[in-house]
Every structure is written in C-alpha cells, then in structure tokens.
Amino acid sequence: MKIYKGEVSTLPPDKSISHRAALIGAIAKGTTEISNFSAGFDNQSTLGVLQACGITVRQEKITKDNGTVVRNVVIHSNGLWSLTRPQSELMCGNSGSTMRMFAGILAAQPFESVLVGDSSLMKRPMHRVAEPLRLMGAEVTLSPKNTAPVVIKGSAELRPLRYELQVPSAQVKSLVAFAALHADGESCIVENLCSRNHTEVMLGLQVKKLSEDKKEIIVPGRTSVAAKPFHIPGDPSAACFIIALGLLSPGSEILLRDVCLNPTRTGYLTVLDEAGAEIQLENIRLAGGEKIGDILVRYSPSINPLRISDPALVANVIDEIPMLAVLSACATGEFELHNAAELRGKESDRISAVVNNMERLGFVCDEYADGFAITGQSNTVNGVVPIESYDDHRIAMSFAIADKVLPAELEISDSEVIGVSFPKFFEIIESLEH
C-alpha cells in the first residue's frame, strides 16, 4: 500500500460559496468580483444560466507562481430585476444547486423560464422548490413526478411570507431568501435544524436564534443589494476525500491549506475527531465572514466505527456521508446511519448506491428507508471489482479512495463525473503518492 504525504494547496474552491457568490452578483447593483471561483461543472452551469438570462459575466484564468490555475469571475448587474427572458431552456447540467437556488431569482422576474438538466438531475425531486414560490405568487409547474423541467412564470409582485422549513435544506432556504429579496415586504424563514449558512452570511441577513437549533432568518423585501468582492476558500466537502485517504493509509501525513471551516460544513471533522482520528486544525482565521484554516491529517489505525443518527448532525454531514461510510467500513468493517432519507434524492440514491457497491466488495449491509448499516465483511474480495458510480461524483470519489486502501482493484464506471466538483482529484492524489 502506498504512503501519501505532502501539502495540498489546490483543493477545488468551495462549490456552495461559488454558486451563491455568482447568484448574489446577478442581483447586486454594481460589479461583483469573485476570486478563486470553482472550475467544476456545477458552478460553470450557474454562470451559464446567468449569461443566458442576460447577466454580464466575465471569467479569466490566472496562473499563480506555483503553477496553480485559478479562475476569477466578474459579474455586472443593475440590481434585483436585471435578468432578461432567456431564448431557450436553461441548462443546469448535473447541478441541483443551480436549479433550485436560481429558481428563487427567476420567480421574481416578469417572464417565463424553463429549468432543465442532464438525465440525472431530471430525476431529482423539485416539489420543495415549487411550494414556497407558489405561496409567494409565482406559477411553478413540474413534471407529473414532481421533477424537472421546472417551468416558472415569474412575478415582479411577489408576496412576502413566513416559511418554516420542514426538512433542513440550505438550497431551499436560499431560494426562498433570493425570492424574498424581491418581495413587497419583510419575509421570515424559520429553520428548525441548522443547515449551511453561507447565503445569510454572504447577504448579511439578520438571524434570530430561537433555541439551540431553531432560528429565524429575516429577509427585507425590495432592498437593493450592493455589489462586493468575494473570495472562495477551499471546499471542505472535497477535503473529506483527501482526509479519508490520509487516515486510512499507513504512514501518511497530509496538510490541506486554506479550507473553509464554517461550522455548518465541518460536522464530519467533529465526527472523525470523536472517533479517534488524528486531525488538527491550524492557522484559523476569518475571510469574508467565513472561517478558514489548514487541516493536518495523519494515518489513524484506531478509529472507532462511525454511527450517525442525530438529525442535526445528519443535516451537517449530508454531503460527506458516502465517504464517511466507506472510510468507516474500510477502517473498522462497520458503519451505521439513520434519519438520512434525503440521501435518496441526491445526484443518485446514495443509500442504495453505497450499499450496492459495498456488497460487491464483500461487506454485509442492511438497507433502511432512511439509512443503512454495514456490519462486517463476509469475505475479502481480490481481483477486479466493477463499481457503479451512478453518475454521482461523490459515489465515484468515495470508492476511488477505497480503491487505494483495499486489496481489490476497483473499476469505477463513468469516473469522469468527478469533474463535476473536483477536476484535479486524481492529479492531487498522484502528487501525494510516495
């Protein structure tokens, strides 16, 4: 087994913050400059739909002294109602973030638009997009299965609302906030379980804490959003895969630079720390209202099995669950998850995807409606094992890490889907090999 050592300063820029910076730029009055914007397919989809709606977007590549290529984006807008009617359907690719959050802005525009995506995105549920926008006065039509295409007849006269999220979702929270900025009056979003808070931080919205987990987000209507610069830190969800590689590979030590450490994004670090993983946070600081820092990870031979069931924790680690499951199974043979039914509506049904692939590797699994358990390995599989990515970048990356630490050789279908979020995934891993 190879040893992985070195420093990673080329993590993909954070997808979530990149999406939001671009969308805020589209409704902010003036020129929004975004440094270190994500080159991933999903974030490029967001820029594409903005351009299709008449927003001026300029993107440039800059090569740093260390050879790293970064993208800076400049967006110019005249404010809240600056979009124009698109000439064709708006292609969101594989990006549910683009489709869901941009719907909030389109709901306030006085024209009809149609959001579509690739074959995977067209199967994903969109009913939670439609509900609040209809309450505000927009006409939203979905397929008979409540999936895309999302047809929106927007209204420049949206009504304000008080909307309580039934399921924690940063995307739904964001689309409501974007729509509410255009509404004729103050809106309130009630969140019972915390989800990532980038939108309210980046927009400077007032947040009232009602209890340990419950909060209200106040969105003023028809208030001009001023353009300002954004810098995008490294994506903590991308960091999770490199961290898993370091924890599972004997003798390994990896330092990841300039990673977003927003508390609503780093629950998986707490889970791993409590399980006995050797992870240190260093050089912690604030940039643009976001906590960032460096993560040092060392091989950890004594990790305890991960068991995740608390709904608040599940909401915090939802994107990292496939990697956490594979990591725990590879390290201990065990993993358990409950209260995560939302995973079935991601880029793939991630519950079934993980279970099916783990069973191919000889692990014993029990699948539930809202999770699954891995209870050991019935046999050690050698030779070549086909792994199905289900066109899901996180499934592909999770099992690409497993390929580095298990005796079997894993052949992952459609591994190019990793470019959705982590274009240099294999390049970074190769650079760490010793």
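The values are calculated or read from the model by the stated rules, or taken from the named source; none is laboratory data. Computed from a prediction, not measured in an experiment: that's the story for all the values here. No Cβ is skipped: glycine too gets one built from the backbone with ideal geometry, and neighbour counts run over all protein chains shown. Surface areas here come from the heavy atoms of the whole protein model, side chains and all, with no ligands, DNA or RNA. Shrake-Rupley method; radii C 1.70, N 1.55, O 1.52, S 1.80 Å.
At-a-glance table
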item	result
Single match in Ile387, Ile374 (criterion: modelled with pLDDT of 95 or more, open to solvent by less than 40 Å² (accessible area, probe 1.4 Å) and either out of contact with any helix residue (DSSP H, G or I) (no Cβ under 7 Å at 6 or more places or on another chain) or under 23 Å from Asp310 (Cα atoms) (or both))	Ile374
Residue within segment 260-280 that is small (Gly, Ala, Ser) and in contact (Cβ under 8 Å) with a residue 60 or more places away in the chain present	no
Among the residues listed as Pro132, Pro125, Pro86, Pro110, the single one being open to solvent by 30 Å² or more (accessible area, probe 1.4 Å) and in contact with a helix residue (DSSP H, G or I) (Cβ under 7 Å, 6 or more places away or on another chain)	Pro125
Where a residue in segment 181-194 is over 30 Å from Asp310 (Cα atoms) and its partner, wherever it lies, is in a strand (DSSP E or B) and open to solvent by 10 Å² or more (accessible area, probe 1.4 Å), with Cβ under 7 Å and at least six apart	Leu181/Val225; Glu186/Ile218
Of all residues making up segment 1-43, the number that are part of a helix (DSSP H, G or I) and either touching an Asp or Glu at 6+ places or on another chain (Cβ under 7 Å) or open to solvent by less than 40 Å² (accessible area, probe 1.4 Å) (or both)	15
Of the criteria (1) under 30 Å from Leu313 (Cα atoms); (2) over 22 Å from the mean Cα position of the chain (by Cα); (3) open to solvent by less than 10 Å² (accessible area, probe 1.4 Å); (4) among the aliphatic types (A, V, I, L, M), which one Ala103 fails	(2)
Asp319 being within 30 Å of Arg257 (Cα to Cα), among the acidic types (Asp, Glu) and open to solvent by less than 20 Å² (accessible area, probe 1.4 Å)	no
Listing of strands (runs of 3 or more DSSP E) fully contained in segment 335-394 that carry 1 or more residues being of a type in the set (Asp, Glu)	363-368
Meets criteria (assigned to a helix (DSSP H, G or I), over 18 Å from the mean Cα position of the chain (by Cα), closer than 26 Å to Gly221 by Cβ and of a type outside the set (D, E, K, R)) for Pro110	no
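Residues checked against (1) more than 16 Å from the chain's Cα centre (by Cα); (2) at pLDDT 95 or above; (3) within 17 Å of Arg134 (Cβ to Cβ):
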residue: Val167; (1), (2), (3): yes, no, no
residue: Val176; (1), (2), (3): yes, yes, yes
residue: Ala179; (1), (2), (3): yes, yes, yes
residue: Glu186; (1), (2), (3): yes, yes, no
residue: Asn192; (1), (2), (3): yes, no, no
residue: Val207; (1), (2), (3): yes, yes, no
residue: Ser211; (1), (2), (3): yes, no, no
